Structures are given as structure tokens and as C-alpha cells.
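The next block holds one structure in the form of C-alpha cells; read it before the comments.
The values are calculated or read from the model by the stated rules, or taken from the named source; none is laboratory data. None of the values given here were measured: they were computed from a predicted structure. In this analysis, Cβ positions are derived from the backbone assuming ideal geometry, glycine residues included, and neighbour counts consider all displayed protein chains. These accessible areas exclude ligands, DNA and RNA; they are computed on the full protein's heavy atoms, side chains included. Shrake-Rupley method; radii C 1.70, N 1.55, O 1.52, S 1.80 Å.
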Amino acid sequence: MRLLPPLLAFASPLAALDLEFGLKAGVPVTAYFETGRNPAAEYSAATRRYTLGASVEWRATRELGVGFEALYHRMGYVAIVTVREAAEQKTSAVDVKGHSFDFPLRARWYPRTAGPLFLTGGFLIRYAGPVRGRGERIVEHLITGNVTRAPIDTTEPPELGKRFYPGLTAGAGVTLGRGRLHLAPEFRFTRWTANLNATGGLLRFSPNQVEILVGFEFP
């Protein structure tokens, strides 16, 4: 019984919070990866154009909300890298597939004079993983001509030696509907402030990422 008053005092502010939960679905306008090639390496990536996730927002005031999101992307790339060491030439061909998650923390402003329009901005962290790369390494001895082959199966491809990447995000959209379900279509821009360190810069996130998202929000 002695604990009841402190617990009630702690629970009262939480109960007063105006929280909105939601689901997110979207279509990236830009590719997940930018790729390239040179005489020593070649990277290519498939296009997987969907984004899925969830969100929660605290409406601090009628005009201002603070939200957190978790957005999922499926990603993958193919790397073919050739390295010469002394009298050997090593060629690795790996198909990497996996997942990534973006975690934006953003504010949303609802101008009273702009009707259903809202503006949003904040920062985010991308986590690239888990991933798995499968392929083959071919080693050719340049003097004897001997060739050896070995399978590659890794969860730590060299291009993803770093897994966390920060960025800044901004967007605009509208809130539609009344009652227990709101639709919130949004145009969102993300600028990555850190990127992959692949061979020759031939594999990286699109530095300027553009997405069209639709939120299904439950106030």
C-alpha cells in the first residue's frame, strides 16, 4: 500500500500522453544502392522497391508531435572483386542478400493555417543487417597456371564492415480522415551523412534518398 501513491503519481503523466500508433508502407523513388565498376571490381544491385514499418507519435501540442519509426528494407548486391598478390590472382564473386532497418526520430509540425498539411524533420540511424553472402573464390597461379576454387559463405562481407549509418531526414505530407483511422501520405527526403566504404566507392547507399510513404495512424 505504501507504494501505491508513488506508482499513481508516475502513471498519471503517462496516461495523459496523447500517443498515436501507426503502420507505414512506401515506395522508394531512388535505388537502395548506387553501384559501379572498374578493371578490378564490379558491383551490381537488384531493385527492391518497398518499405514497411511501424511508428509511434506523441502529440505534445495540437501543432507539434514527436515520433519514432522503425522502417524495414530488403537489400542485396553482387560483388566481383579481383586482387593480384605476387604471382597469384584472386577473384571473389559473392551474392549478398539481407535486411536493413531505418530508425528515424523526428518532429512533425501541423500549421493551423495549412489545413491537413504537416512538415516533418529529424535524424535517423540505419542498421545494415543481418546479411549473408554466398559465392566462390578462384585463385589462379600466374606462373604455373594452377587454379583452385573455394566456396564463400559469410555473414560479414567486407563492404559491410560498418553496420550503423547516420542521416538527416525531412518531408511533407497531409493527414486525411477522422475518427479512429487517419491516412498520412508523405514525401520524404533523407541525406546520408555516412556511407559504405566499398572498393573504389563502387557500392554505396544513394546519398540522397527519396521515398513516398503512407501512414495508417490510429489516434
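General remarks:
- When restricted to residues that are among the small types (Gly, Ala, Ser) and either open to solvent by 60 Å² or more (accessible area, probe 1.4 Å) or within 16 Å of the chain's Cα centre (by Cα) (or both), the range 67-108 contains 5.
- Single residue of ARG188, ARG132, ARG149 found to be open to solvent by less than 20 Å² (accessible area, probe 1.4 Å) and either among the charged types (D, E, K, R) or in a loop (DSSP other than H, G, I, E, B) (or both): ARG188
- Neighbours by Cβ (under 9 Å, 6+ apart or cross-chain): first from the range 145-157, of a type in the set (A, V, I, L, M); second open to solvent by 90 Å² or more (accessible area, probe 1.4 Å): ALA150/ARG137; ILE152/ARG134; ILE152/ARG137
- Within the range 191-203, the set of residues being in a strand (DSSP E or B) and among the aliphatic types (A, V, I, L, M) comprises just one member, LEU203.
- Candidate set from the range 109-129 (those that are open to solvent by less than 50 Å² (accessible area, probe 1.4 Å) and either hydrophobic (A, V, I, L, M, F, W, C) or modelled with pLDDT of 95 or more (or both)); member that is farthest from ALA184 (Cα to Cα): ALA128
- Here the range 22-66 is the region considered, the condition is being in a loop (DSSP other than H, G, I, E, B) and over 30 Å from GLY201 (Cβ atoms), and the residue that is most open to solvent (accessible area, probe 1.4 Å) is ARG62.
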